[in-house]
1. Give region 12-59 a look and list any residue that's among the small types (Gly, Ala, Ser) and either surrounded by fewer than 16 Cβ atoms within 10 Å (Cβ to Cβ) or not in a loop (DSSP other than H, G, I, E, B) (or both), or say none.
2. Testing MET1 on (1) assigned to a helix (DSSP H, G or I); (2) modelled with pLDDT under 90; (3) not basic (Lys, Arg), one condition comes back false. Which one is that?
3. Does ILE203 qualify as being touching a residue at least 12 places away in the same chain (Cβ under 8 Å), within 16 Å of LEU94 (Cα to Cα) and either assigned by TED's automatic domain parsing to the domain that holds GLY81 or aliphatic (A, V, I, L, M) (or both)?
4. Could you grab the pairs with beta carbons closer than 6 Å, sequence gap of 6+ or different chains, first residue in region 1-28 and within 15 Å of PRO246 (Cβ to Cβ), second one not small (Gly, Ala, Ser)?
5. Cβ-Cβ under 6 Å, sequence separation 6+ or interchain: first residue in region 237-255 and in a loop (DSSP other than H, G, I, E, B), partner exposed (fewer than 13 other Cβ atoms within 10 Å of the Cβ). Which pairs?
6. How many of the residues in region 256-279 are surrounded by fewer than 10 Cβ atoms within 10 Å (Cβ to Cβ) and either outside any helix (DSSP H, G or I) or at pLDDT 90 or above (or both)?
7. Could you please let me know if MET101 is surrounded by fewer than 21 Cβ atoms within 10 Å (Cβ to Cβ) and either within 19 Å of LEU211 (Cα to Cα) or not assigned by TED's automatic domain parsing to the domain that holds SER204 (or both)?
8. In region 171-191, what residues are surrounded by 10 or more Cβ atoms within 10 Å (Cβ to Cβ) and in a loop (DSSP other than H, G, I, E, B)?
Amino acid sequence: MSSNRILTLYTWAFLAFMFTPLLLMIVASFNDISPPSVTHWNGFTTKWYRFFWMPEAELRADPVLRALDRTRLFGCMANTGTIMAVVVPLSLLLGLSGAVMLTRWQSRANGLLWWLLLSPMLAPGVVLGLSALVFWGRLGVGAGLFTIVIAQTTFIASYAMLILMARLQRQPVELEEAARDLGATPFHTFRRITLPFLMPALISAAVIAGLASFENYNTTMFAKGGACNFATEIGAMSRNPNGHPPVINAIGTIIIVTTVVAALAHAWARRRESDTPGA
């Protein structure tokens, strides 16, 4: 057997290993049985999706759905949006500061600063969550959304910093020096030259930071106190002693479909740009 055939077989096996569980999850989200199953088909249904908007009377009549707290789930989803709205800009600001410092400030301490700023990304999420909980608790701040934001920003800012550093390292320093020679202030130089050059990286870093905040569980779980977000609430639902409700499968399917549609739309837009004359 040739090496190319072995590589092809390995690739298909890897793809099957990665995507078969997702396909099974999607199929189970339409099965009228709880816990979810693909081997025991009890009939096609969409009620696991309609859970989010079905009338209260219909919800209470279902033996599975009436055990779920829809109001709390909506509240936790709203908390996730609130957390992301703070974590993303805060991570971009801190990441940009670190990237500028490490790329523009030449010092013997750069190596030490590099590892210091990246260390939160390498630390276990449990440690970050507990550290935020203990530190702010000693200052009299109770665990909640604030400690979640602080704990998440601690390591998400490192992702933003790496993305922005990669972009800054490709920027010709001569452009900034020429602007300074022509009388531009450091702030004006940054706003008119550096920031526009960084805009694609800032958008990418914002997307990565938002996704990291949305899906984070370990750090949030230990820093949340009595609060909740989307990830921790889904985790609590999945620990149901009677098996996790198929609503989780429906939520996962919605996330997958949304991701695929967004990726296809982005690819289509990029192709249109490349096919446009003069682009």
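The values are calculated or read from the model by the stated rules, or taken from the named source; none is laboratory data. For clarity, every value in this text was computed on a predicted model and none was experimentally measured. No Cβ is skipped: glycine too gets one built from the backbone with ideal geometry, and neighbour counts run over all protein chains shown.
1. Listed by number, the residues that qualify are ALA13, ALA16, ALA28, SER37, GLY43, ALA57.
2. The failed condition is (1).
3. No.
4. Every condition considered, the pairs that remain are LEU24/VAL38; MET25/ASN249; ILE26/THR253; VAL27/VAL38; ALA28/PRO36; ALA28/VAL38; ALA28/ASN249.
5. Pairs that qualify, where the first residue is in a loop (DSSP other than H, G, I, E, B) and the partner is exposed (fewer than 13 other Cβ atoms within 10 Å of the Cβ), are HIS244/SER238.
6. Result for region 256-279: 4.
7. Working: surrounded by fewer than 21 Cβ atoms within 10 Å (Cβ to Cβ): yes; either within 19 Å of LEU211 (Cα to Cα) or not assigned by TED's automatic domain parsing to the domain that holds SER204 (or both): no.
Taking the combined requirement at face value, the residue does not satisfy it.
8. GLN171, PRO172, ALA184, THR185
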